[in-house]
Amino acid sequence: MLPLSIPVIHEDDHLAILHKPASLPVSGNRFRTVENALLFNLKKTLHAAAMPWPRPVHRLDAATSGLLVVAKTYPAMIRLGQAWQIGKVEKKYRAVVWGNLPNESGNITTPIDEKAAHTIYQVTRTIEHPKLGVISEVSLTLKTGRTHQLRKHLASIGNDILGDLVYKKSGRPKIRGLWLFATEIKFTHPVTKVMLEFKLEKINKVNKIFNKN
């Protein structure tokens, strides 16, 4: 089996930013994971604090595509982990959901697993799709990081994400793939202290479905 190719958005001696494909687990006991593919996709660092192999700093659901941060050295791994824990990393997502949202923008603060959870949403466009009915594209900002937070929060207000087989409302048609994308990330480089910001400007899959109205 050929090594899995993953697009590299940015890379230096300490870290890399990848565009993780959908349906690919970040880690786990499978052969086809991001973690197992890193050695084939990243350049080897000669830094004295290099780890034996690169490691993802955070998780994305297997079904979610988008920006993923990978550490190549111990200082990067430790400091980025700390930045995530104290909320110093800004992350934004885009999703396509069923129906009209309650407002053009708003906050969802429904607790998850009895823990505080906070999502900010902004509707970017809504259409009457000829086959799917009303669908909306939303920009999402995570203020907390609970498991499946975006999927659970959107489902809690009746606007579950297209293709979500776990949290979908009864009677929704089956859509291939989860329409959730990690599109923006901003953080301070753990070693150089330079502010880094990365953004996926276009999601072809999303533009295609919204042009079918």
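Okay, here's what the table says:
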| quantity | calculated |
| --- | --- |
| Within the chain, helix-based [θ] at 222 nm, where runs of 4 or more DSSP H residues each add -39,500 (n - 2.57), nearest 500 | -4500 deg cm²/dmol |
| Long-range amide H partners of Ile112 with built H, under 5 Å | Ala117 |
| Förster-model FRET efficiency, 35 Å R0, Val166 and Leu196, C-beta, rounded to 0.05 | 0.60 |
| Between segment 28-45 and segment 119-135, the Cα center-to-center distance that results, in Å | 35 Å |
| Under-5 Å amide H pairs with Asp164, H placed in peptide plane, nonlocal only | Trp179 |
| The chain: DSSP helices with Cα axial extent of at least 15 Å and average Kyte-Doolittle hydropathy no lower than -1.0 | 74-85 |
| Amide H within-cut-off set for Gly66, under 5 Å, with H built and near neighbours excluded | Lys20, Ala182 |
| Per-residue HN-Hα couplings for segment 61-72 [Karplus 6.51, -1.76, 1.60; θ = phi - 60°; Hz; x = Gly/Pro] | 3, 3, 6, 8, 9, x, 6, 10, 9, 10, 9, 10 |
| Reachable lysines, given that their alpha-carbon falls under 20 Å from the alpha-carbon of Lys44 and they are not under 8 places away in the same chain | Lys20, Lys72 |
| Full-stretch length increase - Arg59, His19 - with 0.36 nm per residue and alpha-carbon distance subtracted | 13.1 nm |
| Per-residue HN-Hα couplings for segment 125-130 [Karplus 6.51, -1.76, 1.60; θ = phi - 60°; Hz; x = Gly/Pro] | 6, 9, 9, 9, 6, x |
| Selection of trypsin sites (Lys or Arg not before Pro), segment 52-124, meeting DSSP coil and at most 16 other Cβ within 10 Å | Arg59, Lys88 |
| Chain lengthening between Thr109 and Ile86 when straightened (0.36 nm per residue, less Cα-Cα) | 6.4 nm |
| Separation of alpha-carbon centers, segment 141-213 and segment 84-105, rounded to whole Å | 7 Å |
| Shape of segment 8-88, Cα gyration tensor, a/c cut at 1.5 | oblate |
| Tensor-based shape of the chain (alpha-carbon gyration tensor, a/c under 1.5 rounded, otherwise prolate or oblate) | prolate |
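Read-outs throughout are calculated quantities, based only on the coordinates presented, and are distinct from any laboratory measurement. Keep in mind that this is a model prediction, so the values were computed, not measured. Counting neighbours? That spans all protein chains shown, and the Cβs are built from the backbone with ideal geometry, glycine included.
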